[in-house]
Amino acid sequence: MLEAPRRFGIVDRPLPVADSGEVIVRVAATAVCHTDLSIYTGDHPGVRYPVVLGHEATGVVDAIGPDVTVVRPGQRVIINPIISCGHCDMCRRGSDNLCRNAGLFGREVEGSMSEYVRLAARYVHPLPDYLPLAAATLIETLATVRHAQLRLDIRRGEPVVVLGQGATGLLHTRLAALAGANPVIVVSRTRWKLELAERMGARYAVSADAEKAVSEVLRLTGGAGADVVIDTTGGAETLRTGLDMLRPGGRFSPYAVSHACVTGFSTFPLYYKEINIIGSRALVAADMAPSIELVASGAVDVAPFITATYPLNRAAEAFEEYERNPGRILRIVIDSAA
Ligand SMILES: [Zn+2]
Ligand SMILES: [Zn+2]
C-alpha cells in the first residue's frame, strides 16, 4: 500500500470473497508503468492516498462468484484495468474508456500489487496457458497502443514516425510495421532502444532528439514528410517538431500523457497543412482479445520488455530504481507469487 508519495507499507488483509458477478484473482505479476511512477512521486493529479497500485496485471482465477460463467478457477487471465460504469452515454456507445464515471484499477480502486484481488468478472480476459504471466502483463500496454493505432488508421505503404522508443514506442513501432507502414522511422537518443526498434520492424533508426530528426525524416521520405507521427515522449516541444515532420494532410498522435503546456505554438500549421491531431485514451474492452492474440501468435514478442523483476515485498526498491533510471527501464515487474 502506498500510504503517501514515496512511502510504501505492507498491510495484512483477510482473503477477499467473490460476490455474484465477481472473481478473485491470485495475482502473478504486475508491470509498473509511468502512470504508477507519477502516483508514486505524487506528480499524478487527483490521486487520494493511501492507494494500492498496480493496473497492468496477470494472474490465475482463484475463485468465482455464484453466477460467473466467463471464466473458471485455475484459468490464467489478464486484467482490463479501465473501470467503467456500463450505463452512461459513452459506455452505451462502446467507448468504455471515455466513461463519465471512469476510474483506473490501481488508482481509484485498489490495484494488483497484492496477493489477491477481487473484481467484476467482465474485467478479466482469459490467456492461453503457454504465455508466461510476467511478459503477458505487457498486453495491457499493447491494447492501449492498438487502440491509438486503430484511431490513426495506418494504411499499407504510409511512412510512419515513432518518437521515443520506451515500451510504448517499441510497441507502436511493432504494430505500425505489422500494419504495413513503410518506412517505419524511429527516433531515440538511446542506442540499445534503437537496436530493439530495428528488431521490432523499424526500417530507419534515427539517433537524435526530435528537433534534430526533422530534417532526417524529410530526407528519408524524399522530402514529402510522414503520413503519421506518433509521439510517445510527451514533451511539449515534440508537438511542434512532430507537425514539422508531417506531410500535408498528415495525422499526429499525442500518445504520451503530458500535462506540460506548449508555448510558442500557433494553430496555423493545422490550417495550412490540414493536419489531424488524433487523441486516444487507454483502451476499450474490445481491444483486449485481439491484443492477446497478437502476443499469443508470436506477432508481437513482449519478452524483451522486462528489465527487472522484484518480489512484492520489495516493491519499494523497484520504485526507487525506476525513479532513478526511468530511461534505462522498459518495464519493471512486481512478482506477487515470489
Ligand atoms: Zn500503465
Ligand atoms: Zn460509463
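The values are calculated or read from the model by the stated rules, or taken from the named source; none is laboratory data. Because the structure is a prediction, the values reported are computed rather than measured. Neighbour counts run over all protein chains shown; Cβ positions are idealised from the backbone, glycine included.
Key figures for this structure:
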{"read-out": "Unique match (being under 24 Å from the mean Cα position of the chain (by Cα) and either over 30 Å from N325 (Cα atoms) or not assigned by TED's automatic domain parsing to the domain that holds I64 (or both)) among V25, V32", "value": "V25"}
{"read-out": "Members of region 75-99 that are in a strand (DSSP E or B) and under 18 Å from the mean Cα position of the chain (by Cα)", "value": "V77, I78, I79, I82, I83"}
{"read-out": "Selection from region 190-219 of residues that are touching a Ser or Thr at 6+ places or on another chain (Cβ under 8 Å), modelled with pLDDT under 95 and crowded, with 16+ Cβ neighbours inside 10 Å", "value": "A210"}
{"read-out": "Sole exception among (1) outside the structural domain of I24 (by TED's automatic domain parsing); (2) in contact (Cβ under 8 Å) with a residue 24 or more places away in the chain; (3) among the aromatic types (F, W, Y) for Y116, by number", "value": "(1)"}
{"read-out": "Total residues in region 12-30, condition within 13 Å of F105 (Cα to Cα) and out of contact with any Gly (no Cβ under 8 Å at 6 or more places or on another chain)", "value": "0"}
{"read-out": "Single residue of region 29-46 satisfying the filter (of a type in the set (G, A, S) and buried (at least 23 other Cβ atoms within 10 Å of the Cβ)) that is nearest to ligand 1 (Cβ to nearest atom)", "value": "A31"}
{"read-out": "Total residues in region 100-140, condition of a type in the set (K, R), within 16 Å of ligand 2 (Cβ to nearest atom) and in a loop (DSSP other than H, G, I, E, B)", "value": "1"}
{"read-out": "Given (1) buried (at least 18 other Cβ atoms within 10 Å of the Cβ); (2) in a loop (DSSP other than H, G, I, E, B), index of the condition S20 fails", "value": "(1)"}
{"read-out": "Segments classed as helices (runs of 4 or more DSSP H), wholly inside region 250-338, with at least 1 members that are within 27 Å of V27 (Cβ to Cβ)", "value": "288-296, 315-324"}
{"read-out": "G223 vs. criteria surrounded by fewer than 18 Cβ atoms within 10 Å (Cβ to Cβ), touching a residue at least 24 places away in the same chain (Cβ under 8 Å) and at positive phi", "value": "no"}
{"read-out": "Residue match in region 72-94 (condition: within 9 Å of ligand 2 (Cβ to nearest atom), crowded, with 17+ Cβ neighbours inside 10 Å, in contact (Cβ under 8 Å) with a residue 60 or more places away in the chain and of a type in the set (A, V, I, L, M, F, W, C))", "value": "no"}
{"read-out": "Members of region 188-204 found to be under 22 Å from the mean Cα position of the chain (by Cα) and not in a helix (DSSP H, G or I), listed by number", "value": "S188, R189, T190, M200, G201, A202"}
{"read-out": "Qualifying residue in region 286-298 (condition: surrounded by fewer than 12 Cβ atoms within 10 Å (Cβ to Cβ) and within 15 Å of L175 (Cα to Cα))", "value": "yes"}
